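Quick one: the structure is below, and I'll ask about it shortly.
A short reminder: the numbers here are calculations on the coordinates, not readings from a lab. Please read all numbers here as calculations on a predicted model, not as lab measurements. Cβ sites come from the backbone with ideal geometry, for glycine too, and all protein chains shown count toward neighbours.
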Amino acid sequence: MQKWLCFIPLLLAAATAALAQSAQTGMKDPARGTQKLRIDYVHYRPAVFDTEQIKEAESEYLNKGGLLYIYYTNVTDQPVHFYFYRLNGKDESYWRLNGFVAWDRNYGSTVEPGQSGVWEIDGITEDFAPGKPCKFSMIDRKEGIAGKCETTMEADPVQITHIRVLPGMKELEVHVRNAGKDKVQLGAVEVAGAQVAACDWAGQELPGPGHAIAHVTLAAPVASAKLLIVKVPVKGGGPDRTVCGHRRAFEDVFPIGTWNTDEENLPALRRMHIDTGVAGGKKTDKFFGELAPKYGHNAIVHTEVPTEVDTLRELTGNPNLLCWGLADEPDWTKPPNLMLLCEQMVRKYDSTKPSFMTLCRNIKFFQYAPITDIACQDHYCVTAPSSSLWKKFYGTRLEETQIYTRDLKRAAEPHPVWVWTQGIADWGERPKRTVPTPDELAGQLVLNLGQGTKGILWFNYGKKVAEKFPDAVDAMRLWGRVMCLLRQDFLASDPALMDIKAPEKINVAPLASRDKLLLCLFNRDYDIDPQAYPWREQKDVKITVELPSWIKPVAALRITPEGIVPADLKVSGSRATIRLASLRVCDILMLPNNPTAKEKLDADFKQIVTDEDKTY
């Protein structure tokens with residue numbers, strides 16, 4: 001029995017102490033009287049990352065702390081002006097200047113009447129380890145305690161894992177995971193500072209480990225870059241409380257990208273279903289002035305360290321700007337508090353586009369990933385240099401990239417994460433073949449997709465090396481079809497906790513949305529080889545899934561690069577059994593509720609294939 005708890009921190013514990021709402025409206029402070037700020041919720045998440053299956057280089061100083069988010073609301077009729085915070089009797093200067101926190105952030109120093117906010121503290125020492133005390137207070141400009149709470153740093157088994165912002169900025173999807181054994185009941189979702197017109201739950205009652213998804217309709221669209229604080233009332237699994245999560249509001253998209261935006265490559269990239277790349281310069285340059293509009297190609301624009309404000313001034317408002325990239329792999333050489341300052345600089349110049357950062361070292365994800373609106377990772381398993389210590393000079397187990405994506409997601413939640421997955425670059429660690437085979441490329445892609453990534457960026461597409469390995473180019477194009485077909489489903493789904501039975505060598509990663517289940521399959525029966533990893537095909541593959549309460553599948557569909565292929569499905573109560581004649585490398589299965597799902601997929605797939613011959 002596979003218990004899909006891979007996203008649950010290993011140090012997860014009973015949340016009773018952390019959930020005690022010890023600072024309710026009207027609680028008295030001995031020195032000041034009634035508090036101005038009500039503490040709504042204390043979210044604690046210990047820093048966890050894999051150190052058993054992979055070994056990072058230069059890992060002497062490991063993060064022993066965790067993330068601490070203090071949610072609060074001004075319950076007075078006057079603004080509250082912050083001065084600093086105090087934790088366990090020490091002012092914020094103590095924690096910052098002694099290096100006990102990687103960074104901390106509050107979204108504005110003034111809290112208006114009725115306004116909610118969050119104070120983020122990224123602690124890295126044992127002072128922030130599970131079970132440690134948390135006596136937190138916020139000091140206002142008159143040096144009085146505006147709000148305080150006292151609890152223990154323990155993780156809540158109920159957590160908001162993803163907040164999706166749909167087109168139009170008026171609808172949200174809120175994913176909630178219950179990692180505990182106790183039944184929980186979820187209430188109507190609240191969004192701070194916004195009126196909720198409707199809330200529809202899928203899986204509102206969770207009898208033990210499980211997943212739930214709320215579709216929330218707001219009375220009016222939220223503004224771009226608005227801080228969304230989502231509140232979910234919870235009964236069970238501890239005292240009654242309101243679990244909170246936050247992110248900034250941007251319409252979520254699923255990019256299919258690559259680094260390369262050279263003019264000579266753009267026609268080929270678009271026919272490979274690639275619509276995003278890394279670019280900079282001026283708005284009058286040929287890329288932004290002519291090529292990006294012509295090919296519908298969006299840009300990740302790096303602002304570098306220190307921040308290049310001329311780039312921000314030049315490209316703010318450009319219609320083909322997708323996001324601002326702070327830096328590439330800053331977790332090698334740049335401290336996280338410096339990256340926080342860069343992120344704040346970008347926000348001051350342009351708050352209309354999300355911030356983005358690519359990381360490479362899983363032992364550092366908890367220090368960096370929550371800083372930006374979108375966190376990304378790049379880890380390549382075949383014939384490429386790496387930050388992990390490989391067992392073989394020329395390659396490692398492909399599951400490593402899955403581990404990195406998993407570790408990144410649980411550090412960034414509920415923010416979306418993207419992944420640089422291995423494409424075509426001229427690496428030299430494996431001289432006989434310096435790029436992945438189509439199988440190695442596909443396997444890494446599906447492993448990353450199964451961990452809940454909301455965007456895929458190929459690294460890379462170099463024309464000269466692509467000409468040498470046309471089979472890899474073809475693989476990128478073919479799997480681009482699958483991502484184009486499923487990009488909205490990847491945005492709408494998140495990794496779910498459910499019981500799964502599968503053959504020992506088959507890795508099954510479930511993604512749940514409100515109307516379907518996706519299963520990302522990977523065959524782990526292969527060898528690391530200096531020329532091409534060989535796979536041993538698995539025959540008569542049987543997979544049994546305990547379905548979420550709202551999933552009533554009418555079919556099992558294999559979503560392949562060649563088209564949609566039905567698979568054998570039997571449903572008995574809440575249990576679905578899927579049989580495949582064979583599985584060689586990887587596959588994506590869809591279990592939809594909609595009986596017309598295949599017809600729509602077939603029509604969409606036909607159009608996607610037609611786009612490969614499009615003339616621009």
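Loop-only GluC sites (Glu not before Pro) in region 32-113, please: DSSP not H, G, I, E or B, and at most 16 other Cβ atoms within 10 Å.
E52, E58, E60
Might you report the magnitude of the Cβ-based charge dipole of region 256-492 about its Cα centre, with Lys and Arg at +1 and Asp and Glu at -1, to the nearest 20 debye?
300 debye
If you plug each phi of region 241-247 into the Karplus form 6.51 cos²θ - 1.76 cosθ + 1.60 with θ = phi - 60°, what whole-Hz ³J(HN,Hα) values come out, in order, with x for Gly and Pro?
7, 10, 6, 10, x, 8, 6
To the nearest 20 debye, what is the magnitude of the charge dipole of the chain about its Cα centre, counting +1 on the Cβ of each Lys and Arg and -1 on the Cβ of each Asp and Glu?
920 debye
By average Cβ neighbour count within 10 Å, what is the ranking of 517-529, 438-450 from highest down?
Those peptides, ordered most packed to least, come out 438-450, 517-529.
Contour minus end-to-end for Y83 and T610, with contour as 0.36 nm per residue of separation and end-to-end as the Cα-Cα distance?
Once the chain is fully extended between Y83 and T610, it gains 183.8 nm.
Also: Of Q185, I163, G210, which is farthest towards the positive pole of region 150-236's charge dipole, taken about the Cα centre with +1 and -1 on the beta-carbons of Lys, Arg and Asp, Glu respectively?
I163
Which trypsin sites (Lys or Arg not before Pro) from region 266-338 combine a DSSP loop assignment with at most 16 other Cβ atoms within 10 Å?
K282, K283
Quick one: work out the % antiparallel among DSSP beta bridges in region 333-472, nearest 5.
Rounded to the nearest five, the antiparallel share is 20 percent.
Out of these labelled values of Cα extents along the principal axes in Å, (i) 110, 65, 60; (ii) 80, 59, 58; (iii) 73, 60, 49, which was calculated from the coordinates shown here?
Correct label, based on the coordinates given: (iii).
Given the pairs K135/K231; K55/K181; K286/K353, which span a C-alpha to C-alpha distance of over 29 angstrom in this model?
Over 29 Å apart, Cα to Cα: K55/K181.
Still on this model: Which one of Y533, T453, T544 has its Cα pushed farthest toward the positive end of the charge dipole of the chain, where Lys and Arg give +1 and Asp and Glu give -1 at the Cβ?
So the residue furthest toward the plus end is T544.
Related question: Relative to the Cα centre, what is the charge dipole magnitude of region 499-611, using +1 at the beta carbon of each Lys and Arg, -1 at the beta carbon of each Asp and Glu, and rounding to the nearest 20 debye?
Dipole magnitude for region 499-611 comes out near 420 debye.
Moving on. What ³J(HN,Hα) values, in whole Hz, does the Karplus curve 6.51 cos²θ - 1.76 cosθ + 1.60 give for region 95-108 when θ = phi - 60°, with x put for Gly and Pro?
6, 6, 6, 8, x, 7, 10, 6, 5, 9, 8, 10, 8, x
What ranking of D122, D613, D140 emerges when the number of other C-beta atoms within 10 Å of each C-beta is taken as an exposure proxy, fewest first?
Ascending number of Cβ neighbours within 10 Å: D613, D140, D122.
Once amide H atoms are placed 1.01 Å from N in the peptide plane, what residues at a sequence separation of 5 or more from H162, or on another chain, have their amide H within under 5 Å of its amide H?
Amide H neighbours of H162: H175.
Which whole-Hz couplings ³J(HN,Hα) result when phi for each residue of region 566-577 is put into the Karplus expression 6.51 cos²θ - 1.76 cosθ + 1.60, θ = phi - 60°, listed in order with x for Gly and Pro?
Whole-Hz 3J(HN,Hα) from phi for region 566-577: x, 10, 6, 9, 10, 10, 10, x, 9, 10, 10, 10.
Whole Å is fine, so just give me how far the alpha carbon centre of region 103-172 lies from that of region 328-375.
19 Å
Oh, and also: My understanding is that a pair violates if its Cα-Cα distance is over 18 Å; which of K501/K539; K36/K235; K468/K606; K516/K606; K170/K235; K170/K348 do that in this structure?
Violating the 18 Å Cα-Cα cut-off are K36/K235; K468/K606; K516/K606; K170/K235; K170/K348.
Would you mind estimating how fast region 158-248 diffuses translationally, via Stokes-Einstein at 25 °C and 0.890 mPa s with the Kirkwood radius over Cα pairs, in µm²/s?
Here the translational diffusion coefficient equals 187 µm²/s.
Around I229, what is the net charge, scoring Lys/Arg as +1 and Asp/Glu as -1 over all other residues with Cβ under 11 Å from its Cβ?
Surrounding charge for I229 is +2.
Now for a separate question. Arrange the peptides 576-582, 406-412, 43-49 so that the one whose residues have, on average, the most other Cβ atoms within 10 Å appears first.
Sorting 576-582, 406-412, 43-49 by mean packing, highest first, produces 406-412, 43-49, 576-582.
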